[in-house]
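K.L.:
Before we start, here is the structure in question, set down as structure tokens.
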Amino acid sequence: MTGRIHIDLFTTLDGVAQAPGGPDEDTDGGFAFGGWQAPLIDDTDGAQIAEGIHAMDALVLGRRTYDIFAGYWPHHLEGPDADIARKFDAIPKYVASRGAPELAWRDSHLLGRDLAAEMGVLRERHREIHVIGSIDFARTLVADGLFDQLNLWVYPIVLGPGKRLFTADGPPLSLELLSAAAPSRKGTVLLRYGPTGSAPATGDMSRTDQSAIG
């Protein structure tokens with residue numbers, strides 16, 4: 001079995017992916033818009049997110065996101081969020097951290113320092129591995145080419161400063177669009193991308209067949 005690594009990310013039109021879930025999720029840099037996703041989510045993207053969660057058989061998180069999840073989901077095994085909470089509780093959870101945190105949530109495991117080797121082991125152990133949020137960790141996976149699919153929910157809002165998956169210092173990356181879902185009622189679009197394995201191409205517009213434009 002060779003599993004696939006999915007990165008699930010919620011982002012604004014200008015690429016900000018910091019703290020979509022709540023005001024205190026991540027205030028680094030004085031970020032003042034924590035919880036920006038909440039007013040924009042509806043049944044369409046909610047169902048898409050739930051579908052991805054139920055398909056996964058392993059969850060990989062950065063340390064900060066793990067702490068948020070571990071502080072919330074084990075306490076919601078009953079009630080309106082029970083389906084998602086029970087899914088997260090049932091599957092193995094892997095945590096990327098430079099430290100040696102205590103991982104109290106059941107079936108939680110610390111990843112080793114050799115990330116490429118660790119993700120290779122997960123591919124052999126699991127069918128569908130998802131990384132949710134965890135922007136710093138996701139950026140490392142993208143930079144090292146350690147992912148198979150980027151599931152990008154793009155919300156119709158612009159925030160300006162904030163953490164982004166794709167930063168000004170690169171690296172350059174070429175992606176292919178695998179699918180684009182119909183927009184939600186509130187204007188959110190789910191775009192699924194895969195890496196092409198090649199560098200971005202360049203060209204000269206003056207030598208382009210102008211009939212292809214307009």
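The values are calculated or read from the model by the stated rules, or taken from the named source; none is laboratory data. These figures come from a predicted structure and were not determined experimentally. Positions of Cβ are generated from backbone atoms using ideal geometry, with glycine treated the same way; all protein chains shown enter the neighbour counts. Only protein heavy atoms, including side chains, enter the accessible area calculation; ligands, DNA and RNA are left aside. Shrake-Rupley method; radii C 1.70, N 1.55, O 1.52, S 1.80 Å.
K.L.:
Tell me, how many Å apart are the Cα centres for region 87-139 and for region 166-204?
P.N.:
24
K.L.:
Among 33, 62, 9, whose Cα projects farthest towards the positive end of the dipole of region 1-85, with charges put on the beta-carbon of Lys, Arg (+1) and Asp, Glu (-1)?
P.N.:
So the residue we want is 62.
K.L.:
Using protein chains only and a probe of 1.4 angstrom, how many square angstrom of residue 107 are accessible, to the nearest 10?
P.N.:
60
K.L.:
When averaged across all projection directions, what area in nm² does the alpha-carbon convex hull of the chain cover?
P.N.:
Taking a quarter of the hull surface, the average projection is 14.2 nm².
K.L.:
Let me ask another. On a 0 to 90 degree scale, rounded to 10, what angle separates helix 115-125 from the longest Cα axis of the chain?
P.N.:
Once rounded, the angle reads 70 degrees.
K.L.:
Right, next: Can you give me the % of accessible surface on the chain that is carbon or sulfur? Probe 1.4 Å, all protein chains present, nothing else counted.
P.N.:
Its accessible area is 54 percent carbon and sulfur atoms.
K.L.:
Apply the Karplus parameterisation 6.51 cos²θ - 1.76 cosθ + 1.60, with θ equal to phi minus 60°, to every residue of region 58-72 and state each ³J(HN,Hα) to the nearest whole Hz, in sequence, with x for glycine and proline.
P.N.:
Residue by residue, region 58-72 yields 7, 10, 10, 9, x, 4, 5, 5, 4, 4, 5, 5, 5, x, 10 Hz.
K.L.:
Can you give the translational diffusion coefficient of region 23-149 in µm²/s, computed by Stokes-Einstein from the Kirkwood radius over Cα pairs at 25 °C and 0.890 mPa s?
P.N.:
Value of D from the Cα-based Kirkwood radius: 156 µm²/s.
K.L.:
How do 78, 176 rank by accessible surface area computed with a 1.4 Å probe, from largest to smallest?
P.N.:
Descending order: 78, 176.
K.L.:
Quick check on packing: order 26-39, 145-158 by the mean number of other C-beta atoms within 10 Å, highest mean leading.
P.N.:
The peptides rank, most packed first, as 145-158, 26-39.
K.L.:
For the chain, what does the helix formula give at 222 nm: sum of -39500 (n - 2.57) over DSSP H segments with n ≥ 4, over the residue count, nearest 500 deg cm²/dmol?
P.N.:
Roughly -7000 deg cm²/dmol at 222 nm, from the helical runs in the chain.
K.L.:
List the pair-distance distribution P(r) of region 62-110, using every Cα-Cα distance, as the percent of pairs falling in each 10 Å bin from 0 up to the bin containing the longest distance, rounded to whole percents.
P.N.:
Result returned by the calculation: 28, 54, 17, 2.
K.L.:
Write down the accessible area per residue of region 88-214 in Å², having rolled a 1.4 Å probe over the full set of protein chains.
P.N.:
56
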